[in-house]
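These notes concern the structure reproduced below.
The values are calculated or read from the model by the stated rules, or taken from the named source; none is laboratory data. Just so it is clear, the structure is predicted and the values come from calculations on it, not from any experiment. Positions of Cβ are backbone-derived with ideal geometry, glycine not excepted, and every protein chain shown enters the neighbour counts.
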Amino acid sequence: MLKFIMEKGESIMPNYSTEAIRTAALVGHGATGKTTLTEALLARAGAIKTPGSVERGNTVCDYDPLERTYGHSLNSALVNFAWRDTHVHLIDTPGYPDFAGQAIGALAAVETALVVINAQTGIELNTRRMMKWAQARRLCRMIVINKIDAENVNLPELLSSIQQTFGKECLPINLPAHGGKEIVDCFFNPDGDSDFSSVKAAHAALVDQVVEVDEALMAIYLEQGEVNPEQLHAPFEKALREGHLIPVCFVSARNGAGVPELLDILALLAPNPTEGNPPPFLRGEGADAAEFHAEPDPGKHVLAHVFKLIMDPYVGKLGIFRVHQGTVKRDSQLFVGNSTRPFKVAHLYLLQGKEYVETDALRPGDIGAVSKVEEIEFDAVLHDSHDEDHIHLRPLEFPAPMHGLAVETRKKGDEQRLFEVLHKLELEDPCFRMERHPATNETVIRALGELHLRTKLEKLTQQYKLELDTRPPRIAYRETISRKAEGHCRHKKQTGGAGQFGEVYLRIEPLPRGAGYEFVDQVKGGVIPTVFIPAVEKGVRMALDSGVIAGYPVEDLRVTVYDGKSHAVDSKEIAFVSAGRKAVIDAFAKAAPIMLEPIVNIDIDAPEAYVGDMTSEIASKRGQITGTQQRSADIISTSGQVPLAELADFQNRLRSITGGQGSYSVEFSHYAQVPAQMQQQLMSQFKAAREEE
Ligand SMILES: Nc1nc2c(ncn2[C@@H]2O[C@H](COP(=O)(O)OP(=O)(O)OP(=O)(O)O)[C@@H](O)[C@H]2O)c(=O)[nH]1
Ligand SMILES: [Mg+2]
């Protein structure tokens, strides 16, 4: 499927400097026109002859057959092109919240987030999320209002709702003119004609905002009433870096209005890798890690970050990375993370959609790929010196996948292959997870939404030819305790010759939610010999992992072993495993066990007329409303918290209530105690299942 271009020897050495590089990710809600805009930019810059369209299925970025079937992006895709004296790396990301993982990954590779808004539908769920995520990564943000050619758009109103939602620092950097057929710049241009507002006012507002970050320039401005664009450049970048300015520009990807202007904004005003906020790296592990900044200096040691993996069935593993420091050269040697042995960069590529173009070297700011490196992992740091071991990029925060489906192979014997393929899918998508539940003997796949799950299933069946049965998974309940208790077991067996003996006294106590599990050894005087303590813990873990009262893993407790007895001949590992297991089960019963269930944050977008239905839906699902918010002219978003167990059929329910006009998204919030009656039910189900066995 992927295409490799140019044999070794033919490739070109990039002839631009780091200062000439611009990197940007097109992010935003689904169907805002990001993929179409990428085509328009590529065509205008001369990188492709004519722009393709998502309708015809011939765009550079939506090259996956599944993307063509669905008519929207499922994966991020990379392109690069030259404009004026700059070299632009652009990442087109999918806008559906289900594929947010791809968009968040892309944020780690760029200086600028171009948040695309559909002029027809206005601010949407993923507009707000991407604005927030890009801000959290300290990216320079720009807003691109696309589809200005479409019917029934009210641009002045949209601009003011953008300013209301994201702040007064969202200022137009250009404006539509001649009925949206043209776009007029307001940054370099102090005056001119526009369809609404005025170029003069927009220019003044921009300059006012920019000089606020530079006192000296502010003084000149106040004195002379004007400053020239060269003087404004550095403070403009500073204002972008600090989020003090979020330029807004207008385009129509369809008819090309605003496209050359957007290219100019990228070339003349978007930060180069030395002007953006420096990429946040950490040296060291865990709490000891100290933050430092990579330097975009081509002469320093290499630091590159793998923000995307592609597991291609034919080509194998492709690691897509952004160079943050140093120069990655073909035929050089690099380390992956803390690996002791380096790999050789046999091939180095620049990407153009599905095409991989060989190159000799990548500089700070460049985005490229290496193939066939088995050790490469998502989020790995590539470097060329052991001084750079234990270095990570500050971790990206991904939403936790909550939508689950239990999968089973139809053919016996396919199980192993299913695990292998699922593992591959996990590697390339940080928001996709596979779980094995020994208690229920279920393999559960989890993704961010129904569509996300469906695309993974289609990949499994179509690409990997696995025949699967699916059903709703059991909810991932947890067990825990609500008070301290003591447990004891004297395990003694005499079968013929050698016996088994082990005795354990332990105590369990609750820990705060989310604290997990702690094991403490307080045995004195070797009454349980040190060599057997791991056996006791193994037994404890066995009991906790498989659940005590309802077959779900136990969490948030401390287990302290403090006494016991051993026998010189009959004490063996197995005896202490058994004693540990039974002692903890004994204690559990006396510790007022409770069950916990996952609670999720839910956002439901629906036309205003259905707000009442949405609030009562949440209330009837043991949920709580946290608020409602106007999304766009007609759409109201209702937010709340609901137990995940109540949402099993919500997709269908929402569809039938709103006639298909509603959408929702969930993200994991926390675990909370289940009501007593439900706990009873879960416990008796478990008992019945066990008796059946
Ligand atoms: N009228 C009009 N339609 C546009 C414009 N740009 C894109 N479209 C249409 O909007 C639809 C969505 O375009 P895409 O480019 O797939 O949007 P996207 O943002 O990449 O969507 P996702 O990949 O799902 O995030 C398509 O039908 C496009 O033809 C535009 O400027 N004007
Ligand atoms: Mg797209």
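Scan region 636-646 and give yes if some residue there is at pLDDT below 95 and charged (D, E, K, R), otherwise no.
yes
Scan the strands (runs of 3 or more DSSP E) fully inside region 487-566 and keep the ones with 3 or more residues being in contact with a Lys or Arg (Cβ under 9 Å, 6 or more places away or on another chain) and surrounded by 16 or more Cβ atoms within 10 Å (Cβ to Cβ). Show your work before the answer.
On the way: elements: 499-510, 517-521, 557-565.
Of the strands (runs of 3 or more DSSP E) lying wholly inside region 487-566, those with at least 3 residues that are in contact with a Lys or Arg (Cβ under 9 Å, 6 or more places away or on another chain) and surrounded by 16 or more Cβ atoms within 10 Å (Cβ to Cβ) span 499-510, 557-565.
Would you pick out the residues in region 351-369 that are in contact with a Lys or Arg (Cβ under 9 Å, 6 or more places away or on another chain) and over 27 Å from residue 130 (Cα atoms)?
Those that are in contact with a Lys or Arg (Cβ under 9 Å, 6 or more places away or on another chain) and over 27 Å from residue 130 (Cα atoms): 355, 356, 358, 359, 360, 361, 362.
Going by the conditions given, is residue 292 at pLDDT below 95 and touching a helix residue (DSSP H, G or I) at 6+ places or on another chain (Cβ under 8 Å)?
On the way: at pLDDT below 95: yes; touching a helix residue (DSSP H, G or I) at 6+ places or on another chain (Cβ under 8 Å): no.
No, not satisfied.
From the list 412, 354, 344, 329, which residue is among the charged types (D, E, K, R) and at pLDDT below 90?
Numbers: 354 fails: at pLDDT below 90; 344 fails: at pLDDT below 90; 329 fails: at pLDDT below 90.
Checking each option against the conditions leaves just 412.
Taking the condition of being away from ligand 2 (no atom under 14 Å from the Cβ), farther than 19 Å from residue 356 by Cβ and surrounded by fewer than 18 Cβ atoms within 10 Å (Cβ to Cβ), how many residues in region 57-90 meet it? Give the steps one after another, and end with the answer.
Of region 57-90, the ones away from ligand 2 (no atom under 14 Å from the Cβ) are 65, 80-89.
In the following step, the residues that additionally are farther than 19 Å from residue 356 by Cβ were identified as 83-86.
Okay, now just the ones that are also surrounded by fewer than 18 Cβ atoms within 10 Å (Cβ to Cβ), so 84-85.
Residues meeting the conditions: 2.
Select from region 269-289 the residues that are modelled with pLDDT under 90 and closer than 19 Å to residue 335 by Cα and list them in ascending order.
284, 285
Show the residue pairs meeting these rules: Cβ distance below 9 Å; 6+ apart or different chains; first residue within region 131-154 and closer than 18 Å to residue 245 by Cβ; second residue modelled with pLDDT under 95 and part of a strand (DSSP E or B).
Going by the 9 Å Cβ cut-off, the qualifying pairs are 137/280; 138/280.
Looking at 409, 470 in this structure, which one is over 22 Å from the mean Cα position of the chain (by Cα) and either under 19 Å from residue 552 (Cβ atoms) or crowded, with 18+ Cβ neighbours inside 10 Å (or both)? Please lay out each step first, then the result.
Numbers: 470 fails: either under 19 Å from residue 552 (Cβ atoms) or crowded, with 18+ Cβ neighbours inside 10 Å (or both).
Testing whether each residue is over 22 Å from the mean Cα position of the chain (by Cα) and either under 19 Å from residue 552 (Cβ atoms) or crowded, with 18+ Cβ neighbours inside 10 Å (or both) leaves just 409.
So the check is Cβ under 9 Å with 6+ separation or different chains; which pairs have a first residue in region 63-86 that's not assigned by TED's automatic domain parsing to the domain that holds residue 42 and a second one that's in a helix (DSSP H, G or I) and not hydroxyl-bearing (Ser, Thr, Tyr)?
Once the first residue is not assigned by TED's automatic domain parsing to the domain that holds residue 42 and sits in region 63-86, no partner that is in a helix (DSSP H, G or I) and not hydroxyl-bearing (Ser, Thr, Tyr) comes close enough.
Any chance you could count how many residues in region 352-368 are of a type in the set (A, V, I, L, M) and surrounded by 23 or more Cβ atoms within 10 Å (Cβ to Cβ)?
So in region 352-368, the residues of a type in the set (A, V, I, L, M) come out as 357, 361-362, 367.
Add one more test, that the residue is surrounded by 23 or more Cβ atoms within 10 Å (Cβ to Cβ), and what stays is 362, 367.
So the answer is 2.
Which one of the conditions (1) touching a residue at least 60 places away in the same chain (Cβ under 8 Å); (2) more than 29 Å from residue 652 (Cα to Cα) does residue 495 fail to meet, given that it meets all the rest?
Residue 495 satisfies every listed condition except (1).
If you take the residues in region 195-226 that are of a type in the set (S, T, N, Q) and in a helix (DSSP H, G or I), which one is farthest from residue 245 (Cα to Cα)?
The selected residue is 224.
Residue by residue through region 60-85, note down the ones that are over 30 Å from residue 403 (Cα atoms), within 13 Å of ligand 1 (Cβ to nearest atom) and of a type outside the set (A, V, I, L, M).
Of everything in region 60-85, nothing turns out to be over 30 Å from residue 403 (Cα atoms), within 13 Å of ligand 1 (Cβ to nearest atom) and of a type outside the set (A, V, I, L, M).
Counting only residues that are surrounded by fewer than 18 Cβ atoms within 10 Å (Cβ to Cβ) and closer than 28 Å to residue 125 by Cα, how many does region 170-204 have?
So the count comes out to 2.
Among the residues of region 194-210, are any free of Cβ contacts under 8 Å to residues at least 24 places away in the same chain and under 30 Å from residue 35 (Cβ atoms)? Give the derivation first.
Of all residues in region 194-210, those free of Cβ contacts under 8 Å to residues at least 24 places away in the same chain come to 194, 198, 200-201, 203-204, 208.
From the residues that got through so far, the ones that are under 30 Å from residue 35 (Cβ atoms) too are 194.
Yes, region 194-210 contains a residue that is free of Cβ contacts under 8 Å to residues at least 24 places away in the same chain and under 30 Å from residue 35 (Cβ atoms).
Residues checked against (1) surrounded by fewer than 18 Cβ atoms within 10 Å (Cβ to Cβ); (2) out of contact with any strand residue (DSSP E or B) (no Cβ under 9 Å at 6 or more places or on another chain):
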site: 306; (1), (2): no, no
site: 313; (1), (2): yes, yes
site: 316; (1), (2): yes, no
site: 328; (1), (2): no, no
site: 333; (1), (2): yes, no
site: 336; (1), (2): no, no
site: 342; (1), (2): yes, no
site: 347; (1), (2): no, no
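Does region 433-454 include one or more residues that are basic (Lys, Arg), touching a residue at least 24 places away in the same chain (Cβ under 8 Å) and part of a helix (DSSP H, G or I)? Walk me through it before giving the result.
Kept after step one, since they are basic (Lys, Arg), are these residues of region 433-454: 433, 436, 446, 454.
If we keep only those that are touching a residue at least 24 places away in the same chain (Cβ under 8 Å) as well, we get 433, 446.
From the residues that got through so far, the ones that are part of a helix (DSSP H, G or I) too are none.
No, there is no match, as no residue in region 433-454 is basic (Lys, Arg), touching a residue at least 24 places away in the same chain (Cβ under 8 Å) and part of a helix (DSSP H, G or I).
Within region 61-73, which residues are within 13 Å of residue 462 (Cβ to Cβ) and not in a helix (DSSP H, G or I)?
Scanning region 61-73 gives a single hit, 64.
For region 227-243, enumerate the residues that are outside any loop (DSSP other than H, G, I, E, B) and among the charged types (D, E, K, R).
To start, the set of residues in region 227-243 that are outside any loop (DSSP other than H, G, I, E, B) comprises 229-241.
Answer for region 227-243, where residues must be outside any loop (DSSP other than H, G, I, E, B) and among the charged types (D, E, K, R): 230, 237, 238, 241.
Can you tell me which residue is farthest from residue 249 (Cα to Cα) among those in region 16-56 that are assigned to a strand (DSSP E or B) and away from ligand 2 (no atom under 16 Å from the Cβ)?
21
At least 1 residues that are more than 16 Å from ligand 1 (Cβ to nearest atom) and farther than 18 Å from residue 38 by Cα in each: list the strands (runs of 3 or more DSSP E) lying fully within region 86-160 that qualify.
Details: elements: 86-92, 112-118, 140-146.
Filter on region 86-160 gives 140-146.
Going by the structure shown, is residue 93 within 20 Å of residue 263 (Cα to Cα) and within 16 Å of ligand 2 (Cβ to nearest atom)? Lay out the reasoning, then the answer.
Values: within 20 Å of residue 263 (Cα to Cα): yes; within 16 Å of ligand 2 (Cβ to nearest atom): yes.
Against the criterion (within 20 Å of residue 263 (Cα to Cα) and within 16 Å of ligand 2 (Cβ to nearest atom)), residue 93 qualifies.
Filter region 244-270 down to residues that are part of a helix (DSSP H, G or I) and among the aliphatic types (A, V, I, L, M) and give me whichever is surrounded by the most Cβ atoms within 10 Å (Cβ to Cβ).
Among them, the one singled out is 262.
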